[in-house]
Amino acid sequence: MDTAIVVLPLLGAILAGLFGRWLGDKGSQAVTCVPMLISLALSIVVFIDVALHGNSRTTELFTWFASGDFEMSWAVKVDTLTAVMLIVVTGVSSMVHIYSIGYMHHDPSVPRFMAYLSLFTFCMLMLVTADNFMQMFFGWEGVGLCSYLLIGFWYDRPTANAAAIKAFIVNRVGDFGFALGIMGVFYLFGTVDFETVFQAAPGQAGATLHFLGADFDALTTLCLLLFVGAMGKSAQLGLHTWLPDAMEGPTPVSALIHAATMVTAGVFMVCRLSPMFEYAPTALDVVAFVGASTAIFAATVGLVQNDIKRVIAYSTCSQLGYMFFAAGVSAYGAAMFHLFTHAFFKALLFLGAGSVIHAMSGEQDMRKMGGIWRLIVVTYVLMWIGSLALAGIGIPGVFGFAGFYSKDMMVEAAWAAHSPIGQYAFWLGIIAAFMTAFYSWRVLFMTFHGEPRADHDTMHHVHESPWVMLAPLVVLAVGATFGGIAFYDLFVGEAMHGFWRESILVLEGHNTIEAAHHSPLWVKLAPLVMGIGGIGLAWVFYMLRPDLPRLLAERLRAIYLFFLNKWYFDELYDTIFVRPLLALGYNLWKSGDGAVIDGVGPDGVAAATRNLARRAGRLQTGYVYHYAFAMLIGVVAIVTWYLFAGAE
């Protein structure tokens, strides 16, 4: 059963990828959607058996590496952490597969698209079921490859090609750190098996690595290197620049990458490696600092974006920051809880945005929308549900949408850490909560309310999406509505110790989730109050006084441009890295390759041969007296040589 969950999407990818021409669009959709739904059903069974009943297990399939004393098996590890990810990955991926039937039905390359989706899902499942670092790295690189294929799916668009290359290169930077971390793990522990490394980790606390004449704490160094990989995959500050550009791919791709698969891999990895990170407190502080900084950075940029998908993309980046700062204060259960709930409401928002784009004949600029809520009522209601879950709105002690429970717990855990980095994360998380609510309702008001700003032809064709697209949204809306209250007790409540068991390690004195339950009332209410305040301010700006955003942007133009240009990270990287490397490459091409290698080598030999042949060709004039003169010169030369040689 465990193996089938992983293999079924691969089977669908192979059938659609190799035989899509014969299967056709509908056949390719069938052979990919049906296996995904079966995987989802099996994942639910496994979740009940493993997470609820405690039957964790590892199934070895075959020997993958065997070199001398080093041997490593290909295995499927299923514990509570994996079981949660199986539900998330197969659940959201199944909905995306079904949604794609309607969204991509006009595309000429449906079999290829469906094959890529299933292959992406397979790689993510390989990542979350890995029982060793090498197998995790296989899935890690697999989702990177598939993201390149999916983001650049419309390869006839230069912007899509550039975005795909950018995502691939930026992730390679992070993956280089991840690879170094794995090498360091093998160097320090002599193995890459999770269980062996985790059991030996306490004994390596305080151990040092000698490098370049200096000693470094071993576990801190390894955890930081591994975290660099997580920064790339999960688009954390510094390695985040690929994420917004990934919106060039089809909308189902955005939902799959940004909600349940690739971007959550980094959070999962940190939680999986909690037995290492717990003994590297400095590394945990770095994780919390980067996460909190990312949360506020992405929120500020999301305030001013005009592309509906880019706003949601920066929201993803911000929410991932929340998950990382929760993990950084040892609230791994809270981080996984938000990962779980976020998958539902963020996939709902992305697919809902796709429904809006579908209704608006491909338009994505919110400045060209407005006044359409009566024309697409179902999409409108579902987008409200997703936004309420994202903003964390609820009635304390009564009911709340999914984000109300998971986001609040992360913020409370940061406060309960009672450390400088915890306070840093807490206050930035509070501010980001206000911004999250503001830009969420900015999307709703600009998209659905006010006067129509689209042209007459576009407005004339606005229509609700077909039910093959709306049905997945309804399923995701159920998760976004009830996912928080239904699973709160298991993830972060009284039952969490029996739920997570050995899959997450939290040292004595590090249990910030337990401490969060005893936080003051103002701490518990702060995210909700900030969320309601953000909604209210958005209503004033975009409903009551729609002239205010323009006036504020003019008054604070420098800040507005700073946020609009994403803190100028792309320009900074272009100046520091891209242009110097392009100049270096151009000079090496012209001066090195062109002038030296080609000039002296192939081109030089060819030029010398051509010159010699040209000179020799001049002897062939076609006049008999020239040839007779040449023969005479030859005879004179031979006679002269004979006379001198004979004289000697």
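The values are calculated or read from the model by the stated rules, or taken from the named source; none is laboratory data. In this text, all values refer to a predicted model and were calculated from it rather than measured experimentally. Here the Cβ is made from the backbone with ideal geometry for all residues, glycine too, and neighbour counts use every protein chain on show. We work out accessible area using only protein heavy atoms, side chains counted, and drop any ligands, DNA or RNA first. Shrake-Rupley method; radii C 1.70, N 1.55, O 1.52, S 1.80 Å.
So that you can scan it fast, the table gives a plain yes or no per residue for (1) assigned to a helix (DSSP H, G or I); (2) in contact with a Leu (Cβ under 7 Å, 6 or more places away or on another chain):
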| position | (1), (2) |
| --- | --- |
| GLY333 | yes, no |
| HIS338 | yes, no |
| THR341 | yes, no |
| PHE344 | yes, yes |
| ALA347 | yes, yes |
| GLY354 | yes, no |
| GLU363 | no, no |
| ARG367 | yes, no |
| GLY371 | no, no |
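Matching residues to (1) touching a helix residue (DSSP H, G or I) at 6+ places or on another chain (Cβ under 7 Å); (2) of a type outside the set (D, E, K, R); (3) modelled with pLDDT under 90:
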| site | (1), (2), (3) |
| --- | --- |
| PHE337 | yes, yes, no |
| PHE340 | yes, yes, no |
| ALA343 | yes, yes, no |
| LEU351 | yes, yes, no |
| VAL381 | no, yes, no |
| LEU390 | yes, yes, no |
| ILE393 | yes, yes, no |
| VAL398 | no, yes, yes |
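Could you say whether any residue in the stretch 545-554 is within 27 Å of ALA347 (Cα to Cα), surrounded by 12 or more Cβ atoms within 10 Å (Cβ to Cβ) and either among the hydrophobic types (A, V, I, L, M, F, W, C) or in contact (Cβ under 8 Å) with a residue 40 or more places away in the chain (or both)?
Taking every residue of the stretch 545-554 in turn, none turns out to be within 27 Å of ALA347 (Cα to Cα), surrounded by 12 or more Cβ atoms within 10 Å (Cβ to Cβ) and either among the hydrophobic types (A, V, I, L, M, F, W, C) or in contact (Cβ under 8 Å) with a residue 40 or more places away in the chain (or both).
Quick one: which helices (runs of 4 or more DSSP H) lie wholly within the stretch 534-593 and hold at least 1 residues that are among the hydrophobic types (A, V, I, L, M, F, W, C) and in contact with a helix residue (DSSP H, G or I) (Cβ under 8 Å, 6 or more places away or on another chain)?
Those helices (runs of 4 or more DSSP H) span 548-555, 557-564.
Restricting the search to the stretch 510-533, which residues are more than 21 Å from GLY400 (Cα to Cα) and not in a helix (DSSP H, G or I)?
HIS510, ASN511
Looking at PHE227, PHE211 in this structure, which one is more than 13 Å from the chain's Cα centre (by Cα) and without any contact (Cβ under 8 Å) to a residue 12 or more places away in the chain?
Among PHE227, PHE211, only PHE211 is more than 13 Å from the chain's Cα centre (by Cα) and without any contact (Cβ under 8 Å) to a residue 12 or more places away in the chain.
Return the total of residues in the stretch 43-73 being within 20 Å of LEU256 (Cα to Cα) and open to solvent by less than 50 Å² (accessible area, probe 1.4 Å).
Qualifying residue count, the stretch 43-73: 1.
Output the residues belonging to the stretch 473-500 that are out of contact with any helix residue (DSSP H, G or I) (no Cβ under 6 Å at 6 or more places or on another chain), in contact (Cβ under 8 Å) with a residue 40 or more places away in the chain, farther than 24 Å from ALA425 by Cβ and not β-branched (Val, Ile, Thr).
PHE482, GLY498
Can we say ALA288 is farther than 23 Å from GLY91 by Cβ, touching a Gly at 6+ places or on another chain (Cβ under 9 Å) and crowded, with 24+ Cβ neighbours inside 10 Å?
yes
Can we say VAL267 is modelled with pLDDT under 90, open to solvent by less than 30 Å² (accessible area, probe 1.4 Å) and assigned to a helix (DSSP H, G or I)?
No, not satisfied.
Within the stretch 478-530, can you find the residues that are more than 16 Å from VAL84 (Cα to Cα), surrounded by 21 or more Cβ atoms within 10 Å (Cβ to Cβ) and of a type in the set (A, V, I, L, M, F, W, C)?
ILE513, ALA516, ALA526, LEU528, MET530
Here are ALA164, ALA179, ALA130: which of them is outside any helix (DSSP H, G or I) and in contact with a helix residue (DSSP H, G or I) (Cβ under 9 Å, 6 or more places away or on another chain)?
ALA130 is the lone residue from the list that is outside any helix (DSSP H, G or I) and in contact with a helix residue (DSSP H, G or I) (Cβ under 9 Å, 6 or more places away or on another chain).
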